[in-house]
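Asker: First the structure, which I've put down as structure tokens, then a few questions once you've had a look.
The values are calculated or read from the model by the stated rules, or taken from the named source; none is laboratory data. Just so it is clear, the model here is predicted, and its values are computed rather than measured. In this analysis, Cβ positions are derived from the backbone assuming ideal geometry, glycine residues included, and neighbour counts consider all displayed protein chains.
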Amino acid sequence: MAVTENEALAAINADYEQRYGFHDAENYLYKAPKGLNREIVEKISEFKSEPQWMREFRLKALDHFLARPQPTWGSPLLAEVDYDDIHYFVRASEKPGRSWDDVPEDVKRTFDRLGIPEAERKFLAGVGAQYESEVVYHQVREDLEKQGVIFLDMDSGLREHEDIVREHFATVIPPNDNKLAALNSAVWSGGSFVYVPEGVHVEMPLQAYFRINTENMGQFERTLIIAEPGSYVHYVEGCTAPTYSSNSLHSAVVELIAKPGARIRYTTVQNWSTNVFNLVTKRAVAHEDATVEWVDCNLGSRLTMKYPSVYLMGERAHGEILSIAFAGKGQHQDAGGKIIHVAPNTTSNIFAKSISKDGGRGSYRGLLEIAKGAHGARSKVVCDALLLDEHSRSDTYPTIRISEDDVNVGHEATVSKVGEDQLFYLMSHGIPEDEASKLIVNGFIEPITKELPMEYAVEMNRLIELQMEGSIG
Amino acid sequence: MAEIIDVCPVAELPPGERRLVEWEDLEIGVFNCGGNLYAIEDRCSHDDGPLAEGEFDPEHCTVECPRHGSLFDLRTGKPKTLPAYVPVDTFAVIIEDETIKLEVE
């Protein structure tokens, strides 16, 4: 028997609440009052005992943030973000633990419930767990450490490897890049610092898990991944938060640098609760013969605006962006990607899929740019949208700029509805309607889920199935 | 065809200072980095906005685009950070008769 739409929605919330939507009591060492000013920024820097240059970097970024107007493009929901109603820094533990026993008991219980320590034992090369503003647990496998792989929270990265950080930090995304990057640069805390030495292949993924607990919290992690020539690393991140009636803000900055012949794969499964504004800047540089892949799955949040980008700076560099967005009731997923071909014979693919249901809005926003001199560049952009009902919305904003003649660029876009004929075909083979609908959706996103690590693919399929519960009313 | 234009007397552009000059439809920023003079086109290669009025760091010989933060090396015109990736035009600086001059074309 088909479940009604309302029952299905109730089921989704009930499950999120139970699996991710819970929150802990607040036993914090420090919680900044709401709002942002010079004093808060100085306090964060002081807490972290940072070098003077970083303190100055933060204060300059704050000026940029305050001077810039809120963007007016993207989504009307952006007007709901109230920067004065946010806690910009919350400290839950003294310093990141190397053992789960060092993590405060209630925080550890949260990560237990989310299954992180278990996953670490089974299939990860390293784990970072961030709770509110800072990383509470960090560990990397000993054999990798011996090979010179650095996987630290960004605060420790700056403390222990200041020279490497200073050389690369904010070179891919300067603080004045946009208003949200300026905000992150002013108040950044936590995130990961990954450094892979020349020729080292990290075979199992490194994982970071980001958790917001407090109401009206702002989480501003900062991640920098440097892959030296010929190295390989796969970094996976996941995020969840409790469901509150008021808004939280997540605004990360992620910079990837793939040196000649290196390969970086960065996978995100974003499942924030629907009171979180997720406004993130992610950008990568790929030098000669390097490859950068973004696998970006957006399921949660009230509004996500995120366009991972790759600058193909060296000859034969390759960029790949796989993006899935699932927009349910009250959600707007404004996702996509940008590839900029700067050097000759560079190649890229952007493959974006969005699914909208229950009045949700999925947008693809992308840029493909081929600069003068990037002869022999090849690129393919495919964006497909699937609408599950008549109240939902899909938009596509593709921009293509080509300044070179000898290139090969393809662009395809489709918008489809789960068709009566597809459903009828499957149902005529004895498959119930809701099963048939799930099969169609799974088939639609399969090209991307197959790129995820197996455990994530399973989780992704489960989440999609959950969102799909009873969507045929 | 190259042409030589006057900027100002040397004494008027001490170390750490900059000056904007116009020639036909070009705007050029001239910078004094610790006694060495450099000139770049006043147009960011990222989105064509004005560049020379950005934060000038004479010690590292850079200027930061005020619009999106790309940092340019004044000696070469090359961007040291994204989002710009194309160098901006540079101009040869000549000192003659205690006057700073530029070679433009």
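Asker: Pairs needed: first member in segment A:347-375, under 24 Å from A:A317 (Cα atoms) and touching a residue at least 40 places away in the same chain (Cβ under 8 Å); second member anywhere, among the polar types (S, T, N, Q) and part of a loop (DSSP other than H, G, I, E, B); C-beta distance under 7 Å; at least 6 residues apart or different chains.
Answerer: Correct list of pairs: A:A374/A:T346.
Yes/no matrix, rows are residues, columns are (1) crowded, with 24+ Cβ neighbours inside 10 Å; (2) at positive phi; (3) outside any loop (DSSP other than H, G, I, E, B); (4) not acidic (D, E):
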| position | (1), (2), (3), (4) |
| --- | --- |
| A:E203 | no, no, no, no |
| A:T223 | yes, no, yes, yes |
| A:V233 | yes, no, yes, yes |
| A:S246 | no, no, no, yes |
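Asker: So which of A:L386, A:L368 is in a strand (DSSP E or B) and either in contact with a helix residue (DSSP H, G or I) (Cβ under 7 Å, 6 or more places away or on another chain) or more than 21 Å from A:W294 (Cα to Cα) (or both)?
Answerer: From the options A:L386, A:L368, the qualifying one is A:L386.
Asker: Within segment A:103-120, can one find any residue that is in contact with a Pro (Cβ under 8 Å, 6 or more places away or on another chain), part of a loop (DSSP other than H, G, I, E, B) and surrounded by 14 or more Cβ atoms within 10 Å (Cβ to Cβ)?
Answerer: Within segment A:103-120, not a single residue is in contact with a Pro (Cβ under 8 Å, 6 or more places away or on another chain), part of a loop (DSSP other than H, G, I, E, B) and surrounded by 14 or more Cβ atoms within 10 Å (Cβ to Cβ).
Asker: Being within 14 Å of chain B (Cβ to nearest Cβ) and buried (at least 24 other Cβ atoms within 10 Å of the Cβ) is the requirement here; does A:I370 meet it?
Answerer: When the stated conditions are applied, A:I370 passes them.
Asker: Which one of these does A:V136 not meet: (1) more than 20 Å from the chain's Cα centre (by Cα); (2) at pLDDT below 95?
Answerer: The single condition A:V136 does not satisfy is (1).
Asker: A:A436 fails exactly one of the following numbered conditions: (1) at pLDDT 75 or above; (2) surrounded by fewer than 16 Cβ atoms within 10 Å (Cβ to Cβ); (3) in a helix (DSSP H, G or I). What is the number of that condition?
Answerer: (2)
Asker: Taking segment A:404-424 as the region of interest, how many residues are more than 20 Å from A:I355 (Cβ to Cβ) and assigned to a helix (DSSP H, G or I)?
Answerer: Selection size over segment A:404-424: 1.
Asker: Exactly one of (1) in contact with a Leu (Cβ under 8 Å, 6 or more places away or on another chain); (2) farther than 21 Å from A:K34 by Cα; (3) not hydroxyl-bearing (S, T, Y) is unmet by A:R263. Its number?
Answerer: Among (1) in contact with a Leu (Cβ under 8 Å, 6 or more places away or on another chain); (2) farther than 21 Å from A:K34 by Cα; (3) not hydroxyl-bearing (S, T, Y), A:R263 violates only (1).
Asker: Can you name every residue in segment B:41-56 that is more than 12 Å from chain A (Cβ to nearest Cβ) and closer than 17 Å to A:P175 by Cα?
Answerer: B:L51, B:F56
Asker: Yes or no: A:E7 of a type in the set (D, E), at pLDDT below 80 and assigned to a helix (DSSP H, G or I)?
Answerer: So A:E7 passes the test.
Asker: Another question about this same structure. Evaluate the following for A:S301: is it more than 14 Å from every other protein chain (Cβ to nearest Cβ), small (G, A, S), under 15 Å from the mean Cα position of the chain (by Cα) and surrounded by fewer than 24 Cβ atoms within 10 Å (Cβ to Cβ)?
Answerer: No; evaluated as a whole, the condition is false for this residue.
Asker: Also, quick follow-up: Quick one: count up the residues across segment B:82-101 that are at the interface with chain A (Cβ under 7 Å from one of its Cβ atoms) and buried (at least 21 other Cβ atoms within 10 Å of the Cβ).
Answerer: Qualifying residue count for the region: 2.
Asker: Another question about this same structure. Tally the residues that are among the small types (G, A, S), part of a loop (DSSP other than H, G, I, E, B) and modelled with pLDDT under 95, restricting the search to segment A:334-359.
Answerer: Going through segment A:334-359 one residue at a time, the tally reaches 1.
Asker: Every residue in segment B:65-81 that is more than 8 Å from chain A (Cβ to nearest Cβ), in a loop (DSSP other than H, G, I, E, B) and surrounded by fewer than 21 Cβ atoms within 10 Å (Cβ to Cβ), please.
Answerer: Within segment B:65-81, B:R75, B:T76, B:G77, B:K78 meet the criteria.
Asker: When you scan segment A:392-409, do you find a residue that is of a type in the set (D, E, K, R) and touching a His at 6+ places or on another chain (Cβ under 6 Å), even just one?
Answerer: Looking for residues that are of a type in the set (D, E, K, R) and touching a His at 6+ places or on another chain (Cβ under 6 Å), one finds at least one in segment A:392-409, hence yes.
Asker: A follow-up question, please. Can you find even one residue in segment A:182-189 that is modelled with pLDDT of 95 or more and closer than 15 Å to A:N278 by Cβ?
Answerer: Scanning segment A:182-189, I find at least one residue that is modelled with pLDDT of 95 or more and closer than 15 Å to A:N278 by Cβ, so the answer is yes.
Asker: Find all pairs meeting these conditions: Cβ atoms under 7 angstrom apart; at least six residues apart or on different chains; first residue within segment A:31-45 and touching a residue at least 12 places away in the same chain (Cβ under 8 Å); second residue surrounded by fewer than 17 Cβ atoms within 10 Å (Cβ to Cβ) and in a loop (DSSP other than H, G, I, E, B).
Answerer: Between residues of segment A:31-45 that are touching a residue at least 12 places away in the same chain (Cβ under 8 Å) and residues that are surrounded by fewer than 17 Cβ atoms within 10 Å (Cβ to Cβ) and in a loop (DSSP other than H, G, I, E, B), the close pairs are A:K34/A:N216.
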